[in-house]
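Working notes, structure below.
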Amino acid sequence: MSDIFEIDKQYVANTYNRFPVDLVYGKGSLIKDSNGKEYIDLGSGIGVTAFGIQDEEWKKAVIEQLNKIQHASNLYYTEPCANLAKLLCEKTGFKKVFFGNSGAEANECAIKVARKYAEDKGIKDSSIITLKNSFHGRTIATLAATGQDVFHQDFLPIAQGFLYAEANNINSIKELVANNKVSAIMMECVQGEGGVIALNKDFVEDVYKICQEKDILLIIDEVQTGNGRTGKLYAYMNYDITPDVVTTAKGLAGGLPMGACLLGEKVQNTLGPSKHGSTFGGNPIAAAGAISIISRIDEALLNDVKKKSEFIINKLQGKEGILSISGMGLMLGIETKKDVKDVLKYLMDNGVLALSAKTKLRLLPALTITIDELDKACDVIIAACKE
Ligand SMILES: *Cc1c(COP(=O)(O)O)cnc(C)c1O
């Protein structure tokens with residue numbers, strides 16, 4: 001085991017502060033390390049293994065496709081890609097889908113759509129408004145979209161064409177719109193990396209109105225909030241808005257790399273042939289996995305997500321050392337009196353894997369986690385937060 005730590009440290013680029021755990025096997029929301037120690041997983045690989053580890057139906061769909069064809073390039077048609085796009089459009093009302101392999105790539109597509117939409121109207125050098133404290137990815141363009149200076153440091157010059165507004169401050173948006181050529185406003189309904197902070201309903205709906213009035217595209221980044229996470233299929237459905245573009249990734253394919261950029265009526269044909277592409281995008285195995293996930297996110301499952309969310313909140317709220325709980329559905333941020341690093345260490349030592357976001361403890365369990373597992377894990381959280 002320590003061998004793996006050393007090999008990894010020596011040969012894998014040093015971009016992650018890993019926890020001292022190597023995960024070798026899992027089933028549902030239980031994961032084992034190489035010492036045979038078992039953990040209840042409240043992180044699901046940062047909201048990726050939406051139906052847990054080795055979900056049987058997902059595995060069957062993926063293996064069936066693996067036995068047919070694993071990749072076919074976008075020069076040809078493949079059934080899972082077409083059917084997944086149809087499924088996503090039917091469930092959301094969007095018109096078309098571009099597939100990539102990650103959240104950042106889904107956002108890159110959205111950024112290109114916004115720029116070209118403005119160009120097509122004769123507006124050159126347009127800008128996209130994003131929010132301060134947002135997170136949109138690690139590529140050069142999505143870093144620029146990310147409204148946090150700490151991410152820009154060391155990578156200057158950062159991509160041009162982004163303006164930053166204050167979250168929940170509509171005047172900040174209005175001012176930028178009045179003084180710039182704005183193609184789109186891009187935001188997360190719940191800022192994930194920023195600390196699990198849901199945007200105010202009024203703010204989101206006012207932004208939507210401004211976008212409609214001024215023919216500005218509304219892009220909702222659902223990389224983390226999407227695919228059932230907040231108790232709706234997509235988090236924007238918690239608000240009275242119809243975005244023009246929705247990007248998603250993380251939980252989409254249940255643990256396989258896939259990103260999607262959903263295109264609404266206005267922008268369905270903005271990107272034509274040769275305007276965008278991705279070698280792996282729409283990969284049949286990832287698409288087969290995604291169909292298995294998306295087709296099972298129904299009302300019953302979403303109600304379950306809400307119930308589990310309430311269970312966690314009721315169990316943790318007001319307990320010693322727990323100051324506040326934010327977020328939506330199974331995307332929760334817990335402000336703790338103790339340093340979150342110490343809380344995470346206690347949890348790990350006591351068989352619970354969780355995440356942090358800024359100074360908060362962040363929970364993104366599989367949507368299929370059981371109440372019993374949550375109950376046990378919450379007891380450990382309560383013990384961890386006590387002075
Ligand atoms: C994780 C995340 C991204 C980046 O996704 P990658 O797959 O790591 O490129 C973008 N936006 C949000 C909101 C995210 O949470």
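The values are calculated or read from the model by the stated rules, or taken from the named source; none is laboratory data. Quantities reported herein were computed from a predicted structural model and do not represent experimental measurements. For neighbour counting, all protein chains shown are included, and Cβ atoms are generated from backbone atoms with ideal geometry for every residue, glycine included. Remember, those area values only see protein heavy atoms, side chains included, never the ligands or the DNA or RNA. Shrake-Rupley method; radii C 1.70, N 1.55, O 1.52, S 1.80 Å.
Among Asn17, Ser172, Leu42, pick out the residue whose Cα is farthest towards the positive end of the charge dipole of the chain, where Lys and Arg carry +1 and Asp and Glu carry -1 on C-beta, about the Cα centre.
Checking the options against the dipole of the chain, the answer is Ser172.
With everything on Cα atoms, drop me the angle between helix 103-120 and the longest principal axis of the chain, reported from 0 to 90° to the nearest 10.
Computed tilt is about 10 degrees.
What is the projected area of the convex hull of the Cα atoms of the range 83-154, averaged over all directions, in nm²?
With every direction weighted equally, the projected area is 6.2 nm².
Explain nothing, just the number: relative contact order of the chain, from Cα pairs under 8 Å at least 6 residues apart, as a whole percent.
Contact order relative to length: 23 percent.
Find how many whole Å separate the alpha carbon centroid of the range 105-176 from the alpha carbon centroid of the range 1-76.
The range 1-76 and the range 105-176 have Cα centres separated by 32 Å.
Considering only protein heavy atoms and a 1.4 Å probe, what is the carbon-and-sulfur percentage of the accessible area of the range 53-129?
About 53 percent, which is the carbon plus sulfur part of the accessible surface.
How would you order 169-177, 3-11 from highest to lowest mean count of nearby Cβ atoms within 10 Å?
So the order, starting with the most tightly packed, is 169-177, 3-11.
Restricting to the range 56-194, compute how many DSSP beta bridges are antiparallel as a %, nearest 5.
In the range 56-194, approximately 0 percent of DSSP beta bridges are antiparallel ones.
Going by alpha carbons, how many degrees (0 to 90, nearest 10) lie between the helix axis of 340-349 and the longest principal axis of the chain?
50 degrees
Ratio to report: Rg/Rh of the range 1-64, with Cα atoms as the point set and Rh obtained by the Kirkwood method; give two decimals. Don't skip to the end; give the middle numbers.
On the way: Rg = 13.8 Å, Rh = 13.4 Å.
Ratio of gyration radius to Kirkwood radius: 1.03.
So what are the radius of gyration and Dmax for the Cα set of the range 121-211, in Å?
That works out to 13.0, 38 Å for Rg and Dmax.
Separation of the range 290-327 and the range 205-240 by C-alpha centroid, Å?
One Cα centre to the other: 20 Å.
Quote the convex hull volume per residue of the range 246-292, based on C-alpha atoms, as a whole number of Å³. Walk me through the intermediate numbers first.
On the way: hull volume 3.9 nm³, N = 47.
Looking at the range 246-292, the number lands at 82 Å³ per residue.
Specify, per residue and in Å³, the volume enclosed by the convex hull of the alpha carbon atoms belonging to the range 1-118. Write down the numbers at each step before the final one.
Working: hull volume 22.7 nm³, N = 118.
That works out to 192 Å³ per residue.
Considering every Cα-Cα pair within the chain, what fraction, in whole percent, is farther apart than 27 Å?
The proportion of pairs with Cα distances above 27 Å equals 50 percent.
May I ask which residue of Ile219, Met258, His276 lies farthest towards the positive end of the charge dipole of the range 184-323, with charges of +1 (Lys, Arg) and -1 (Asp, Glu) on Cβ and the Cα centre as origin?
Sorting the options by dipole projection puts first Met258.
How much accessible surface does Lys319 have with a 1.4 Å probe, in Å² rounded to 10?
Spelled out: Lys319, probe radius 1.4 Å, area about 80 Å².
Rolling a 1.4 angstrom probe over the protein chains, ignoring ligands and nucleic acids, what is the accessible area of Tyr25 in square angstrom, nearest 10?
For Tyr25, the solvent-accessible surface is approximately 120 Å².
Using a 1.4 angstrom probe and counting only protein chains, how large is the accessible area of Phe280 in Å², to 10?
Looks like 130 Å² after rounding.
Across bins of 5 angstrom width beginning at 0, how are the C-alpha pair distances of the range 267-306 distributed, in whole percent?
Taking all Cα pairs of the range 267-306, the binned fractions are 6, 17, 14, 14, 16, 16, 10, 7, 1 percent.
For the range 149-284, what is the Kirkwood hydrodynamic radius in Å, using each pair of distinct C-alpha atoms?
After inverting the mean inverse Cα-Cα distance, the result is 16.4 Å.
Order Arg362, Arg18 by their accessible area, 1.4 angstrom probe, all chains in place, largest first.
Final ranking, largest accessible area leading: Arg18, Arg362.
Across the range 314-319, in residue order, what do the Karplus-derived ³J(HN,Hα) couplings come to in whole Hz, using 6.51 cos²θ - 1.76 cosθ + 1.60 with θ = phi - 60° and x for Gly and Pro?
3J(HN,Hα) across the range 314-319, in whole Hz: 4, 6, 9, 4, x, 6.
For the chain, what proportion of DSSP beta bridges, expressed in % and rounded to the nearest 5, is antiparallel?
On the way: 31 of 49 bridges.
In the chain, DSSP labels about 65 percent of beta bridges as antiparallel.
What is the mean projected area of the alpha carbon convex hull for the range 261-387, to one decimal in square nanometres?
11.0 nm²
Put one equal scatterer on each alpha carbon of the range 38-99, apply the Debye formula with no solvent term, and list log10 I(q)/I(0) at q = 0.12, 0.14, 0.27, 0.30 1/Å to two decimals.
-0.46, -0.61, -1.13, -1.15
For the pairs Lys37/Lys315; Lys96/Lys116; Lys96/Lys266; Lys307/Lys341; Lys341/Lys386; Lys132/Lys338, flag any whose C-alpha to C-alpha distance is greater than 18 Å.
Correct reply: Lys37/Lys315; Lys307/Lys341; Lys132/Lys338.
I'm checking a number: the convex hull volume of the Cα atoms of the range 192-255, normalised per residue, in Å³. What is it?
84 Å³
Divide by every residue of the chain the summed helix terms, -39500 (n - 2.57) for each DSSP H run of at least 4, and state the resulting mean residue ellipticity at 222 nm, rounded to the nearest 500 deg cm²/dmol.
Only helices count here, giving -11500 deg cm²/dmol.
Which sequence of Cys109, Cys89 reflects their accessible areas, 1.4 Å probe, from the largest down?
Of Cys109, Cys89, the descending order of accessible area is Cys89, Cys109.
Would you look at the GNM of the chain, springs on alpha carbons closer than 10 Å, and say which of Asp372, Asp41, Asp240 moves the most?
Ranking Asp372, Asp41, Asp240 by mean-square fluctuation puts Asp372 first.
Quick one: helix 170-179 against the long Cα principal axis of the chain, what's the angle to the nearest 10°, folded into 0 to 90?
The helix 170-179 is inclined about 30 degrees to the chain.
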